[in-house]
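The values are calculated or read from the model by the stated rules, or taken from the named source; none is laboratory data. Because the structure is predicted, anything quoted here is derived from the model rather than measured. Heads up, the Cβs are rebuilt from the backbone with ideal geometry, glycines too, and the neighbour counts pull from every protein chain shown. Calculation scope for accessible area: heavy atoms of the full protein, side chains included, ligands and nucleic acids excluded. Shrake-Rupley method; radii C 1.70, N 1.55, O 1.52, S 1.80 Å.
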Amino acid sequence: MGRYDDVYNAWREDPESLWAEAAKDIDWVKPWDRVLDDTNPPFYRWFAGGELNTAYNCLDRHVDGGRADQAAIIYDSPMTGNVERLTYRDLRDRVALFAGALRARGVGKGDRVIIYMPMIPETAVAMLACARIGAVHSVVFGGFAPNELATRIDDAKPKLIIAATCGLEPGRVIEYMPLIHKAIDLSKHKPDGTIVYARPEVPAFEMRQGDMLWDDALKDAEPAECVTVKATDPLYVLYTSGTTGQPKGVVRDNGGHAVALKWSMKNLYDVDPGTTFWAASDVGWVVGHSYIVYAPLLHGATAILFEGKPVGTPDPGTFWRVIADHDVQVMFTAPTAFRAIKQQDPKGEFIGKYDLSKFRILFLAGERADSDTIQWAEKQLQVPVIDHWWQTETGWPMAINPMGIEALPVKYGSPGKPVPGYDIRIVNDANEEVKRGDMGAIVVKLPLPPGALPTLWNAEQRFRDAYLTDYPGYYKTADAGYMDEDGYLYVMARTDDIINVAGHRLSTGAMEEVLSQHPDVAECAVFGVADQMKGQLPLGLIVLKAGVERDVDEIRNDCIQMIRNQIGAVAAFRLVTPVKRLPKTRSGKVLRATMQKIADGEEFKTPATIDDPAILDEIRVSLEDLGYPKR
Ligand code: COA
Ligand code: AMP
């Protein structure tokens, strides 16, 4: 038995000891009364009675402890050509001052603040400033349309919005303020106003009452001290796609989050304090929350904040340039980024141009990592390439090859073994465990570890219904897969209508809700089809209302535009075609999974409950017109 088995088994025998020990690495204002409060199952709370401040643990503690001049964040933007190195002292001071500005505008403990910002240092400042005064931030990814932002405003009911004037995408500047104003027009809840960071690319915007420039907000501000919060108080709410148009507000608490994330940096990612770690994601996603901002800072590491794309900004060598320039030792990104690089630089010629001698490990997550991509990366980079699996809900990895505990043999296709803290089981519909090697639902025995979601924002019943009801005693991940004889997990597919497009989590149900608003559409189905670059792409089939005579291309374009306007460009919705009818079961359930298999050219069994099997042939013809299956 190796060290992984020792740690995992020790955790299983005495789960609280591991976390009590890990919690010593966090500075507490008041120690916890109980490591795990299990008095109200299926709800569990970690470090109940404990008090702390997350921003203090991310910044002040390191400033006081000898890291004041170490870089906390290195901002590198090939979009603007800017590189900025913020030391722990700089960042602490900027956070404290901005926290003072928020306080001066009446933001206090427990108030929600929505952050709609691009990948610039001020975004991290805004997040940490909220944490400093005990306010609850909710970052919304810049690629989401006003409608999505409005939904989040109505759910989180923020006192204030923090924004920048623009985000930058290759070849275009996206002005944020018109989007934000539109979202506020759409929402029922009206925030007091917006603090706006003016980027040089868009220095001015049409100001509305309540809007205030970031620099003006700072003018009279006094630095704010850290406000003590309970371990169980929320640090942030991050909305993620659910099975309907209403996203789920994943709640993250302060204490468990700080403990788990700090612990994960060394044990899972093998990162030491003082070294540079880069998660190439966006702060709008959970990876950005956990591994661009909170975990590296809790750990006293240096984080990279990268504003660019893996290819085209300016070339497929960008990642290697950043690694070389900033001595990155460990990196984390989505497989799709590597597929994009591999496509443009198959021989790795750009890799050879940079000194990558300090680079040690590449981690991939967010979607299935295909063996081709992993092996290409291994060959080109000559470092371990580690797939790992987690979700917005858990906030940190559930399965990994835990490089800081023990480098286990790599098995292609598997994101590794369960992380201590996660008792992962594979069960059938009757909630019985299946044999090793058999497929089933991937579930986690309750309680979830520190850091994982304790509930959904203002939606406790939804939390129960979505995660705790189908498999009593377990958390339902909504992924399906199996575990092999050696205890490696294989994650094969989602069991709901979530798809992963370029590592971005999207709901096909939400897209169907948009398409069904089209006046010519009687019904529709959206499902994910395999894509060589982005992993999956959404594909929509629409049934037109009787008597509709408009040009089909016009209707298609309307549909594409509607999804872009209501969900966002990030949905990458371009494939849509009319069909005469949709295949259904006799009880009226649309057979999306069967259509997806036809589109992907996979074998399938015609479901026994199908109402009219002939419809599948019609669908096959329509999909062929769209170019599916790909040959
Ligand atoms: N703001 C506004 N628009 C955005 C955006 C943002 N923050 N992010 C993406 N978009 C837009 C893109 O410009 C694109 O618009 P277009 O349809 O007009 O071209 C659209 O959304 C789709 O974006 P994406 O799917 O990301 O495709 P892309 O061609 O821009 O880039 C990759 C492809 C692979 C380079 C890119 O998806 C990538 O780097 N992915 C990594 C994903 C990741 O980090 N995931 C987080 C989990 S680890
Ligand atoms: P998100 O909440 O955006 O992180 O998406 C979580 C979902 O992405 C999971 O439920 C999986 O379906 C998928 N996912 C994440 N990482 C992996 C992985 N390493 N392998 C397979 N699927 C993954």
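Select from the range 352-364 the residues that are within 14 Å of ligand 1 (Cβ to nearest atom) and aliphatic (A, V, I, L, M) and write down the one among them that is surrounded by the most Cβ atoms within 10 Å (Cβ to Cβ). Give the steps one after another, and end with the answer.
Taking the range 352-364 and keeping what is within 14 Å of ligand 1 (Cβ to nearest atom), we get 362-364.
Then keep just the ones that are aliphatic (A, V, I, L, M); that gives 362, 364.
Working: Leu362: 21, Leu364: 24.
Per the criteria, the residue is Leu364.
List the residue pairs whose Cβ atoms are under 9 Å apart, where the first residue sits in the range 126-140 and is in the same structural domain as Asp215 (by TED's automatic domain parsing) and closer than 12 Å to Gly100 by Cα, the second is open to solvent by 10 Å² or more (accessible area, probe 1.4 Å) and modelled with pLDDT under 95, and the two are 6 or more positions apart or on different chains.
none
Based on this model, can you work out whether Asp315 counts as open to solvent by 20 Å² or more (accessible area, probe 1.4 Å) and out of contact with any Ser or Thr (no Cβ under 9 Å at 6 or more places or on another chain)? Quick ask: steps written out before the conclusion?
On the way: open to solvent by 20 Å² or more (accessible area, probe 1.4 Å): yes; out of contact with any Ser or Thr (no Cβ under 9 Å at 6 or more places or on another chain): yes.
Yes; evaluated as a whole, the condition is true for this residue.
Return the residue satisfying two criteria in turn: it lies in the range 471-498 and is of a type in the set (A, V, I, L, M, F, W, C) and at pLDDT 95 or above, and of such residues it is nearest to ligand 2 (Cβ to nearest atom). Steps first, answer last, please.
To start, the set of residues in the range 471-498 that are of a type in the set (A, V, I, L, M, F, W, C) comprises 478, 480, 483, 489, 491-493, 498.
Next, from what is left, pick out any that are at pLDDT 95 or above: 478, 480, 483, 489, 491.
On the way: Ala478: 6, Ala480: 9, Met483: 14, Leu489: 9, Val491: 4 Å.
Ranking the qualifying residues of the range 471-498, first place goes to Val491.
Looking only at the range 365-388, count every residue that is open to solvent by 30 Å² or more (accessible area, probe 1.4 Å), away from ligand 1 (no atom under 16 Å from the Cβ), touching a helix residue (DSSP H, G or I) at 6+ places or on another chain (Cβ under 9 Å) and part of a helix (DSSP H, G or I) and tell me the total.
1
Being modelled with pLDDT of 95 or more and either part of a helix (DSSP H, G or I) or of a type in the set (Ser, Thr, Tyr) (or both) is the filter here, so list the residues in the range 598-614 that pass it.
Hits for the range 598-614 are Ile598, Ala599.
Filter the range 278-312 for residues that are more than 22 Å from Lys358 (Cβ to Cβ), more than 17 Å from the chain's Cα centre (by Cα) and in a helix (DSSP H, G or I) and give the result.
Correct list: Leu298 only.
Please determine whether any residue of the range 540-550 is closer than 17 Å to Ser622 by Cα, charged (D, E, K, R) and assigned by TED's automatic domain parsing to the domain that holds Ala510. Show your work before the answer.
To start, the set of residues in the range 540-550 that are closer than 17 Å to Ser622 by Cα comprises 540-544.
Pick out the ones that are also charged (D, E, K, R) and you get none.
No, because not a single residue in the range 540-550 is closer than 17 Å to Ser622 by Cα, charged (D, E, K, R) and assigned by TED's automatic domain parsing to the domain that holds Ala510.
Within the range 79-86, is even one residue closer than 25 Å to Pro200 by Cβ, open to solvent by less than 10 Å² (accessible area, probe 1.4 Å), touching a residue at least 24 places away in the same chain (Cβ under 8 Å) and not aromatic (Phe, Trp, Tyr)? Steps first, please.
Within the range 79-86, the first condition is being closer than 25 Å to Pro200 by Cβ, and the residues that meet it are 79-86.
Those left that are additionally open to solvent by less than 10 Å² (accessible area, probe 1.4 Å): 86.
Now drop any that are not touching a residue at least 24 places away in the same chain (Cβ under 8 Å), which leaves 86.
Among the residues that remain, those that are also not aromatic (Phe, Trp, Tyr) are: 86.
Yes: the range 79-86 contains one or more residues that are closer than 25 Å to Pro200 by Cβ, open to solvent by less than 10 Å² (accessible area, probe 1.4 Å), touching a residue at least 24 places away in the same chain (Cβ under 8 Å) and not aromatic (Phe, Trp, Tyr).
When you scan the range 473-480, do you find a residue that is under 24 Å from Pro402 (Cα atoms), within 16 Å of ligand 1 (Cβ to nearest atom) and open to solvent by 20 Å² or more (accessible area, probe 1.4 Å), even just one? Don't jump to the end; show me each part of the working.
Filtering the range 473-480 for residues under 24 Å from Pro402 (Cα atoms) gives 474-480.
Filter again for within 16 Å of ligand 1 (Cβ to nearest atom), leaving 479.
Checking which are open to solvent by 20 Å² or more (accessible area, probe 1.4 Å) leaves us with none.
Scanning the range 473-480, I find no residue that is under 24 Å from Pro402 (Cα atoms), within 16 Å of ligand 1 (Cβ to nearest atom) and open to solvent by 20 Å² or more (accessible area, probe 1.4 Å), so the answer is no.
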